[in-house]
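Encoded as structure tokens, the structure appears first; notes follow it.
Each value in this text was obtained by applying a stated rule to the coordinates, not by laboratory testing. These numbers come from a predicted model, not from an experiment. Here the Cβ positions follow ideal geometry from the backbone for every residue, glycine too, while neighbour counts run over all protein chains shown.
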Amino acid sequence: MMPCEQCLLYACKCRSNEGINSVSNPPTSDAIELRLTPTQKERYGRQTGLSLPSSLSLPLAQLKRLSGVAAKAGSESLPVSRSAVRQLLEPEPSGERGGGPFVVEVALTPRQKEQIERATGHCFASLRIVPDDVTVTYHETWDDATPLRVGRAIVIKPAGEPHEASAADLVVELPAGDGSGRGVFGTGRHPATQLSLVLLEEHVRPGDRVLDLGTGSGILAVAAARLGAGEVLALDIEAAAVDFAQETVSLNGLAGAVEVVRGGIGSAVAPYDVVAANIFPNVLAELAPSLAATVRHGGVLVTSGSVAARAEEVIGAVCAAGLGLEERRSQDGWVGMVFKKP
Ligand SMILES: C[S@@+](CC[C@H](N)C(=O)[O-])C[C@H]1O[C@@H](n2cnc3c(N)ncnc32)[C@H](O)[C@@H]1O
């Protein structure tokens, strides 16, 4: 008999796949709801680049099992998912090349400690969260509609906003809307997008074939075309992003140069001179061999989307796939990198 993969107990009654992934589910009487403070959310955001919801709904049965395992291991930190408990029992160096999952500890407030102790009979000082277990969405607030200059010549301009462009300006227009951006990422305000834009400005050459994996609003794909790319493929797995990016491409009059397709890396036809991917580090690490395969020899992969603590995960995976790290840039705690294929 094998122990349950989720709670590591033999006498398991929990349903697998429950856990912190279910934080967005409505709380039930079988769960305890931990309201998170702004400080907790802010600290988690600083360490991971991701946002936590306002409250975590933790299934009671699973919580009891995980707390039992943690208490037995003498831990003051309560792991809230399968990989977090595994990481606790079999610790591996985190954040280093080839290390285990990236774990973040969130200190509990006195009230939260009391809630957990009442529910489990065990006292903990913090929660142990593996950010990759938390369901995350790429989302930006589209509330700033002023033109923005990024790098030497790129200007991000919401449609309809006045901007007196100089002859050297490379203007990327983004669709104006109701301010929600329809849940799509890519306003140009985020440091991860800005790092990508600046690195593309330095590496895209006239006539290049460019792949933009995870195009979101289409901002990088349009910027690449403005920088002179001869052919750009913009891919995204989300339908809303594909619709939005198509609108961006039309707005900029680039339908002949930029193709927008719904799909992942498998939809790309190699080789590309430049591949850009502003996506979370766990996804980049997983896709590293495919990303490397789409870059031509002598071409570059531009990655973004990692906070500093997670850059090594991406570097390890991409270098293991045969590319060499050429450059690393930081902005507000985010890291953009350029890898070259020999
Ligand atoms: C952080 S946003 C980047 C948007 C834009 N490129 C930018 O730089 O602002 C990441 C985008 O990648 C998409 N995405 C995530 N995983 C993906 C995958 N495996 N293949 C293609 N797109 C993916 C998401 O839907 C999201 O639109």
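Just a few scattered comments:
- The stretch 243-282 shape via C-alpha gyration tensor axes, a/c threshold 1.5: prolate
- Among 252-259, 300-307, 66-73, 197-204, the peptide with the highest mean count of other Cβ atoms within 10 Å heads the list, and the full ranking is 300-307, 197-204, 66-73, 252-259.
- Full-stretch length increase - Glu42, Thr109 - with 0.36 nm per residue and alpha-carbon distance subtracted: 22.7 nm
- In nm, spacing of pseudo-spin labels at Asp332 and Ser290 (7 Å Cα→C-beta vector): 3.0
- Packing here is the average count of other Cβ atoms within 10 Å per residue, and on that basis the peptides 212-221, 119-128, highest first, run 212-221, 119-128.
- Each DSSP beta bridge with both residues in the stretch 175-340 is either parallel or antiparallel, and the antiparallel ones are about 40%.
- Environment charge of Pro147, counting only residues whose C-beta is closer than 11 Å and scoring Lys/Arg +1, Asp/Glu -1: -3
- For the chain: rounded, prolate or oblate by the Cα gyration tensor [a/c cutoff 1.5]: prolate
- Computed E for Ser166/Thr146 - FRET, C-beta separation, R0 25 angstrom, nearest 0.05: 0.90
- Assigned charges on the beta-carbon of Lys, Arg, Asp, Glu; the stretch 175-340 dipole about Cα centre (debye): 180
- Local electrostatic count at Met337 - Lys and Arg +1, Asp and Glu -1, tallied over other residues with Cβ under 10 Å: 0
- Taken about its Cα centre, the chain carries a charge dipole of roughly 940 debye when the Cβ of each Lys and Arg holds +1 and the Cβ of each Asp and Glu holds -1.
- Förster radius 22 Å - calculated FRET efficiency between Arg35 and Ala119, Cβ distance, rounded to 0.05: 0.90
- Relative contact order of the stretch 175-340, pairs being alpha-carbon contacts under 8 Å that are 6 or more residues apart, as %: 22
- Farthest toward the positive end of the dipole of the stretch 175-340, out of Ser217, Ala270, His203, is the Cα of His203, where the dipole comes from beta carbon charges about the Cα centre.
- Using θ = phi - 60° and Karplus 6.51 cos²θ - 1.76 cosθ + 1.60, couplings along the stretch 319-333 (whole Hz; Gly, Pro as x): 5, 5, 7, x, 9, x, 6, 9, 7, 9, 10, 10, 8, 6, x
- Unit charges at the beta carbon, dipole of the stretch 117-156: most positive-side option, Phe124, His139, Ala153: Ala153
- Relative contact order %, the chain, counting alpha carbon pairs below 8 Å whose residues are six or more apart: 12
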